[in-house]
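Notes follow once the structure below has been shown.
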Amino acid sequence: MQFEGKHIVIVGPAHPLRGGLATYNERLARELMQKNQVTLLTFSLQYPHFLFPGQSQFSSDPKPEDLTIDIALNSVNPMNWISVGRKYKKIKPDIIIFRYWMPFFGPCFGTFARIVKSNYHTQVIAITDNIIPHEKRFFDTPFSKYFLPVLDGAVAMSRKVLKDLQDFPLSKPVAKTGYHAHPLYDNFGHFVSKSEACKVLGLDVNKRYILFFGFIRNYKGLDLLLDAMALLPESLQDVNLLVAGEYYEDSAPYDEIIARKQLENRIELHTKFIPNDDVRLYFSAADIVAQPYRNATQSGVSQIAYHFETPMIITNVGGLSELVPHGEAGWVCEPTAESLAEAVVSMYEPGRIEHVRTSLKELKKQFSWPSMVKALEEVTS
């Protein structure tokens, strides 16, 4: 189905919620708005506290004036799912696009979708970040089994997730499935000079920086990267690690590694939520972005790095290496401190960072928002 002149509802995080999912959904809405009426349906309550140990779920930025945002869904209140479902059943949107990144939302999304679809008009599709989540919980399988069969189509954001979706034991398989990589995060502004970025961030411009960006969670392997920093040779002692992101868990284990390895003078800790306006400063200050993940399907951080043409070091887990060709977009290694340290040494060989930056200019052209919309059209009847 061609998306033109349609009423499309995107269900998932959006302002006043913050983070990469909200940023993605708002960017997708703007792409679809060129030819369609678009509503973002977001949460009045997204996460209960046990699923969100961070500082705040809410953005301090003003509401985007160009977007229609309905703050209505409560993820833990079944009566809310029913009432909001009945509201959208009457509205009769042509297409609903769910952003499915965690099985916890399966009951909410599944109940809402079934009610809306009883109008015999609305089609329901999903963008799937994960089918099997990074951090597993007892309810993952039954909640996904409840939600996924209601879908008319789904686009997976990595080939691994597509395989997980196609292999998942469902009473009714998803009729149409497809794959499209995460498009570029092209809404964070333009690259600035390293000297300007370092000045604003309070960094020494004479140092070299590896960036770890995003929420700090165990599966993201910051501890492995800290251990790797202690293994670097004398020739790379001017390389510092810049950590930019909010702790999702206790910081004590990371502090202990820094102290034990005597890394205090080589680690810059900006452990807070990074507002959108500051993202470009961190990627402009960095020579390399490291993603030392223990497991992952794909990562939005890669797509920010592509936008700013910042070389990457990634681990060979999940679908990460699908998007980062070894030696061209960065360096692929194993999720161990030793392998990460070897990757850092390899990336800092003379001329390699410059080569990768040049390569990224061409590689990033494949990750466009119009092609994401086309992928969604192809799984819609």
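Numbers at a glance
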{"read-out": "At R0 = 25 Å, FRET efficiency that the Cβ-Cβ distance of residue 44 and residue 381 yields, to 0.05", "value": "0.20"}
{"read-out": "Surface/4 of the Cα convex hull for the range 7-179, nm²", "value": "9.8"}
{"read-out": "In order through the range 308-324: 3J(HN,Hα) via Karplus (6.51 cos²θ - 1.76 cosθ + 1.60), integer Hz, x for Gly, Pro", "value": "8, 6, 9, x, 10, 10, 10, 8, 7, 10, x, x, 4, 6, 4, 9, 10"}
{"read-out": "FRET efficiency, residue 250 to residue 145 (Cβ-Cβ, R0 30 Å, nearest 0.05)", "value": "0.35"}
{"read-out": "Of 360, 203, 224, the one that fluctuates the most in a GNM where the chain has Cα springs shorter than 10 Å", "value": "203"}
{"read-out": "Between the range 125-150 and the range 64-116, the alpha-carbon center distance in angstrom", "value": "16"}
{"read-out": "Vicinal HN-Hα couplings computed from phi for the range 18-31 (Karplus, 6.51 cos²θ - 1.76 cosθ + 1.60; Hz; Gly/Pro x)", "value": "10, x, x, 5, 5, 4, 4, 4, 5, 5, 5, 4, 5, 5"}
{"read-out": "Structure-derived Rg and Dmax of the Cα atoms in Å: which label, when the choices are [x] 21.1, 67; [y] 30.9, 106; [z] 19.5, 57", "value": "[x]"}
{"read-out": "Under Karplus coefficients 6.51, -1.76 and 1.60, residue-wise ³J(HN,Hα) of the range 103-119 in Hz, glycine/proline x", "value": "x, 3, 7, x, x, 4, 5, x, 5, 4, 5, 5, 5, 5, 5, 6, 7"}
{"read-out": "Long-range amide H partners of residue 294 with built H, under 5 Å", "value": "220, 221"}
{"read-out": "Full-extension gain in nm, residue 277 to residue 262, via 0.36 nm per residue minus C-alpha separation", "value": "2.1 nm"}
{"read-out": "Long-range amide H partners of residue 312 with built H, under 5 Å", "value": "289, 330, 331"}
{"read-out": "Volume in Å³ per residue [convex hull over Cα atoms, computed for the range 332-381]", "value": "91"}
{"read-out": "Efficiency of FRET between residue 74 and residue 334 - r from beta-carbon atoms, R0 56 angstrom, step 0.05", "value": "0.85"}
{"read-out": "Interchain or long-range residues, amide H under 5 Å from residue 274's placed H", "value": "246"}
{"read-out": "In nm, spacing of pseudo-spin labels at residue 354 and residue 63 (7 Å Cα→C-beta vector)", "value": "5.1"}
{"read-out": "Span per principal axis, largest first, for the Cα atoms of the range 245-349 (Å)", "value": "35, 34, 28"}
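A short reminder: the numbers here are calculations on the coordinates, not readings from a lab. Quick caveat: nothing in here was measured; it's all calculated off a predicted structure. Glycine also receives a Cβ, built like all others from the backbone with ideal geometry; neighbour counts cover every protein chain displayed.
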